[in-house]
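Enquirer: Here it is: the structure, laid out below.
The values are calculated or read from the model by the stated rules, or taken from the named source; none is laboratory data. A quick note: this is a predicted structure, and the numbers were derived from the prediction, not measured. When we count neighbours, we look across all protein chains shown, and the Cβ atoms used for this are built from the backbone with ideal geometry, even at glycine. Quick note on the areas: whole protein, heavy atoms, side chains included, nothing else; ligands and nucleic acids left out. Shrake-Rupley method; radii C 1.70, N 1.55, O 1.52, S 1.80 Å.
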Amino acid sequence: MIISFSYPYLLFLLIAIPFLIYFIIKKDKQRHAFIKYSDFTQISKAKKTWKVRFRLLPDWLRIVVFALLIIAIARPHSSLSKHNKDIMGIDIVLALDVSPSMLAEDFKPNRLECAKEVAKDFIQNRKTDEIGLVVFSGEAFTQCPPTIDHNVLIDLLSTTKTGELADGTAIGDGLSVSVNRIKDSKAKSKTIILITDGVNNTGQIDPESAALFAKKYGIRVYTIGIGSEGKAMISIPTPQGVQRQTIDAQIDEALLKKIADETGGKYFRSKKNSSLKDIFEEIDKMEKSIISVSSYEQNNDIGDLLVYYALILLLIECVLRYGVIRIKY
């Protein structure tokens, strides 16, 4: 730990300590009268009491207190230090569809909440990976850039909901934004996990072009089509209250398979909660690479702690000087 001072010039006051020591020793000698006597044989064998031996201890403690207070007012603190270390991991971006159809209740409680819960478990298990989050519906948005701070990522994932982006399903835009987030990464393995329950029907970039973009940068894309076959109930919040209606499962499996095949990934179809967990467990077995991670030590002010110690020593010094080792000359 590196110690630095806010007011280092105050440490020059410590120069006074040698003069104090000289003054204490000189004063102690002056307390004893000198006599001339022809024979010290009888008194030379006399043993000094412990009070006499430790008579200067209160003075030494007072010097220590003085030194601690000088150091304390110089405001010492442990400096912020950075440590770099290499750990095993990969760079991952979760591209999550947040279109209104993700509120369908064929998954419990609905598709979106189920995907968020499974993704949360996945993130917590990948402790050494940099993971980011991109959300998309009619447009795409980076909810969280790739980070090793998974607590922040999980907090942002938990607050993700539908209705904050334009309506529609822009798979191409979601994939393109995800690629931009990790294309310059130095990790050996770069992966996108794209979760959607719909068909690409809007957006500025078509999914095939986005897939070629990912392939160019060596990014594997794992696509997951979420939703049961047939119809599903959905609850949609409106100004008049929550309205329930039935929707058809429309997943462009051919497109999702093409994206996965083009980039060296794999397509999965999830029709229930348990299968989505199995899919993430399979993805969890992907290869790892070495990435560099920085950790930091917090900057702490230790001046108050020195004052606390000084007060304790001052109390001990007073007890010794005026009680336990009180000597009358």
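Enquirer: Can you find even one residue in the range 31-53 that is at pLDDT below 90, open to solvent by less than 10 Å² (accessible area, probe 1.4 Å) and either out of contact with any Phe, Trp or Tyr (no Cβ under 6 Å at 6 or more places or on another chain) or not in a loop (DSSP other than H, G, I, E, B) (or both)?
Expert: no
Enquirer: Could you tell me whether any residue of the range 227-238 is of a type in the set (Lys, Arg) and under 16 Å from residue 162 (Cβ atoms)?
Expert: There is no residue in the range 227-238 that is of a type in the set (Lys, Arg) and under 16 Å from residue 162 (Cβ atoms).
Enquirer: Here's a check for you: in the range 142-191, which residue that is in contact (Cβ under 8 Å) with a residue 40 or more places away in the chain, part of a helix (DSSP H, G or I) and open to solvent by 50 Å² or more (accessible area, probe 1.4 Å) is farthest from residue 208 (Cα to Cα)?
Expert: 158
Enquirer: State whether one or more residues within the range 305-322 are of a type in the set (Phe, Trp, Tyr), open to solvent by less than 80 Å² (accessible area, probe 1.4 Å) and modelled with pLDDT of 85 or more.
Expert: no
Enquirer: Still on this structure: Out of the residues in the range 10-20 that are open to solvent by 60 Å² or more (accessible area, probe 1.4 Å) and touching a residue at least 40 places away in the same chain (Cβ under 8 Å), state the one that is nearest to residue 303 (Cα to Cα).
Expert: Top of the filtered list is 13.
Enquirer: So which residues in the range 199-231 are open to solvent by 40 Å² or more (accessible area, probe 1.4 Å), outside any loop (DSSP other than H, G, I, E, B) and within 16 Å of residue 256 (Cα to Cα)?
Expert: 208, 209, 212, 213, 215, 220
Enquirer: Which residue, of 250, 240, is touching a Gly at 6+ places or on another chain (Cβ under 8 Å) and loosely packed, with under 14 Cβ neighbours inside 10 Å?
Expert: It is 250.
Enquirer: Related question: Could you list all residues from the range 253-274 that are open to solvent by less than 80 Å² (accessible area, probe 1.4 Å) and more than 21 Å from residue 99 (Cβ to Cβ)?
Expert: 262, 263, 264, 265, 274 - these are the residues of the range 253-274 that are open to solvent by less than 80 Å² (accessible area, probe 1.4 Å) and more than 21 Å from residue 99 (Cβ to Cβ).
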